[in-house]
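A short worksheet on the structure shown next.
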Amino acid sequence: MLKLFRYLKSYRLVVAVTLGLVLLQTLAELYLPTLMAEIVDKGIVNGDIGLILQTGGRMLLVAAGGMVSMIVASYLSARTAVGFGRDLRSHVFSRVESFSLNEFNQIGTASLITRTTNDITQVQTVLLMIIRMAAMAPLMCIGGVIMAVSKDPRLSLLLVVVIPVLGVTIGVIAVKGIPLFKEMQVKLDKINLVVREALTGIRVIRAFNRTEQEKQRFMEANYNFTDTAIRVNRIMAALMPVLMLVMNLTTISIVWFGGIRIDSGHMQVGDMMAFIQYAMQIMFSLIIFSMMFIMIPRASASAMRINELLDTVAEIKDPAVAVNPDQEKGLIEFRDVTFSYPGAERPAVSNISFFAGPGEVTAFIGGTGSGKSTLMNLIPRFYDVDSGAILIDSIDVRQMKQESLRAKIGYVPQKIALFSGSISENIRYGKEEAGEAAVVLAAAIAQADEFITAMQDGYAAIIAQGGANISGGQKQRLAIARALIRKPEIYIFDDSFSSLDFKTEARLRAALREDTTRSTVLIVAQRVSTVMHADRIIVMEEGKIAGTGTHKELLERCTVYQEIVASQFSEEEIA
C-alpha cells in the first residue's frame, strides 16, 4: 500500500500542516489531565477559588485550541484523501486505457471496474484514517506513557501488563482477518461480473427463459461474498469487547492500587484522576490501532490489486523514436503476417500478404472464425503480430506512435459502441471540433439523416447508454457517420452493414464510393452482395488467404468463394 502513497507528492505541504495540527491537538489532550489534577490537588483541597478560576481558564483555552486544531485537521485530511482518490483513479484509468485487448481479457472488465471504484475507495478511507488517527495514536500512546510515569512510576507498572495483552490480541485478529479480506475483494469481482452479464444480456436471458437461473447465479455469488463478510466480522467483532474489558479492568486496577498509594501518602487524588485519564488515552490510542487493523487488511488487499494494474507493463508501446510517413496516402501492406491469440492452439491468421491502396475498396469474406476481424484488429495495433509486418505508407505500424497511427483510421467495429449523449455528440466523437454542417453531411452519407430528422429532437435527440433506444441498423449507421466525419486516410468497416436492409446498404455503398475516392477502404462482410463490387476481394479460410481477385475472377477459380456464393444466391442469380 505504501507504493500508492507516491501519488501524495502534490499534497505534501497539506499533509505536513495536518500532522502539525494533529500534534497540537494531541498535546492539548495530554495537557488537560495535568491541569485538572492541579485544580483538584491545589485548588479544591485548599479552597483556592482564584487558582481554580485561573487554571480553569487555561483549561478552556487549551480545549478550544485542541478543538480548532481537530476541526481544521479533519477538513484538510478529508480534502487530501479525496484528492488522492481522484488522482489515483485518474492514473488507474489512464493505465487501463493503454492496455491491449489481451490485457483487458486477462484481467476482466468486471475486475477492472471493481479496482477502479471499490478498491480505490478502500485505500482512500484508510488514508484518511492514517492522516487523522494513525498519526495521533502513537503520539498519544507515547505521551500518555510519559505523563503517567511522571505522575507515579510504580503505578505505571500496570501498563507493562496491559499493553502487551492488547498488542497480542490485535495481532492475532489481524493475522486471521487479512486472508479473508483478500477473499472478499475477489468475490466482489464475481458479483460485479454476474450483475454485468445479467444486465447487458437481459434480452437473451428473457428470450430463453433463464431468469430464474440467473437469479440463482447471483444468489450464489452474493451468498459466497456474504459468508466471507460474516466470517471477517465475527473475527473483528471479538476485538472491541476484549478492548473494553481490558480498559475497564485497567480502570478498576488503577483505582484499587491508586487508593492504596493515596492512603499511604505517596499519591494525591488529582494525580490518580490524571493517571486514569492518561491510561484511557493510552487505551484509546490502542483502540485507534485496532480500528486501523480492521481497515488496513482490506485496504492492503485492494492496494495489491491496484498496484497489479499500475505495475502491468503494456504489451503494445510507442517506439522510443517514432517514424512518420513522408507522404500521407493510406497505403496498407501486409507482409507474411502471422498472429496467434494468447493460449490458442494454432494461429488465428497465418502468412497473410496483400496490398490495399488509396482509391480502392478491398473486401474480406469468409466463414466465421476465418480471421477477417483479426486482420482488422491488427491494423490499429489492438494486437501486435507474432511475425511478419504491417506497413502503412511503407512504415511498420510498430515504428509509429499509436496516436498518429489511429488518427489515420476511421474504424467501425463489429460490435457497435455508442455513448450516452446526443446523436450529434456521438457523431462528433470521431472529430470533436467538427461543425454542424459536417455532422449533417456525415449522417447523410451514412444514410442516417432520414431517421435522425424523424426523431422529435433531431440531432439533439439523446442516445441511451449503449444505444439501447435505437435499432441495430441505426446504431451501425451512426457508427459509420462517426468514422466518416474524421475524413481519414483509411476506413475499416468490420461487418458494419450486417443489420442494414439491401436497399439501404446499396445506397450507403454508393455514397461511400463517392466520398472515399482518396482513401483506402477495407470492408469485412458475410454477404456476397456487400463485397461483389469491391476492387479486390480477399477470401479467408481457416486463417489463410484462399483466393484474391474480383468477384468475376473468384467465381471462375476460387472454390471457397464459389461455395459462399452458391449458399447465398440461386443458380439463376449467379448466372
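The values are calculated or read from the model by the stated rules, or taken from the named source; none is laboratory data. All values derive from a computational prediction rather than experimental measurement. Neighbour counts run over all protein chains shown; Cβ positions are idealised from the backbone, glycine included. To get the accessible areas, we keep the full protein, side chains included, count just its heavy atoms, and leave off ligands, DNA and RNA. Shrake-Rupley method; radii C 1.70, N 1.55, O 1.52, S 1.80 Å.
List of remarks:
- Just one of (1) assigned to a helix (DSSP H, G or I); (2) within 30 Å of Ile262 (Cα to Cα) fails for Asn46. It is (1).
- If the condition is being open to solvent by 10 Å² or more (accessible area, probe 1.4 Å) and either touching a residue at least 24 places away in the same chain (Cβ under 8 Å) or closer than 14 Å to Lys9 by Cβ (or both), then the range 77-89 contributes Ala78, Arg79, Val82, Asp87, Arg89.
- Number of positions in the range 90-106 that are open to solvent by less than 60 Å² (accessible area, probe 1.4 Å) and either closer than 20 Å to Val15 by Cα or among the polar types (S, T, N, Q) (or both): 3
- Check on Leu53, part of a helix (DSSP H, G or I) and modelled with pLDDT of 90 or more: no
- Any hit, the range 160-171, residues being farther than 15 Å from Ser302 by Cα and in contact with a Leu (Cβ under 6 Å, 6 or more places away or on another chain): yes
- Some residue of the range 524-540 being assigned to a strand (DSSP E or B), open to solvent by less than 20 Å² (accessible area, probe 1.4 Å) and among the small types (Gly, Ala, Ser): no
- Just so you know, in the range 434-487 the residues that are among the polar types (S, T, N, Q) and more than 31 Å from the chain's Cα centre (by Cα) include one that is least open to solvent (accessible area, probe 1.4 Å), and it is Gln447.
- Residue list for the range 1-41, filter: at pLDDT below 75 and either surrounded by fewer than 12 Cβ atoms within 10 Å (Cβ to Cβ) or assigned to a helix (DSSP H, G or I) (or both): Leu2, Lys3, Leu4, Phe5, Arg6, Tyr7, Asp41
- The helices (runs of 4 or more DSSP H) falling completely within the range 187-282 that include 2 or more residues that are under 25 Å from the mean Cα position of the chain (by Cα) map to 211-237.
- Wholly enclosed helices (runs of 4 or more DSSP H) of the range 387-478 bearing at least 3 residues in contact (Cβ under 8 Å) with a residue 12 or more places away in the chain and not aromatic (Phe, Trp, Tyr): 402-407, 423-428, 436-445
- The set of residues in the range 140-179 being within 42 Å of the chain's Cα centre (by Cα), more than 23 Å from Pro241 (Cα to Cα) and open to solvent by 70 Å² or more (accessible area, probe 1.4 Å) consists of Ile142 alone.
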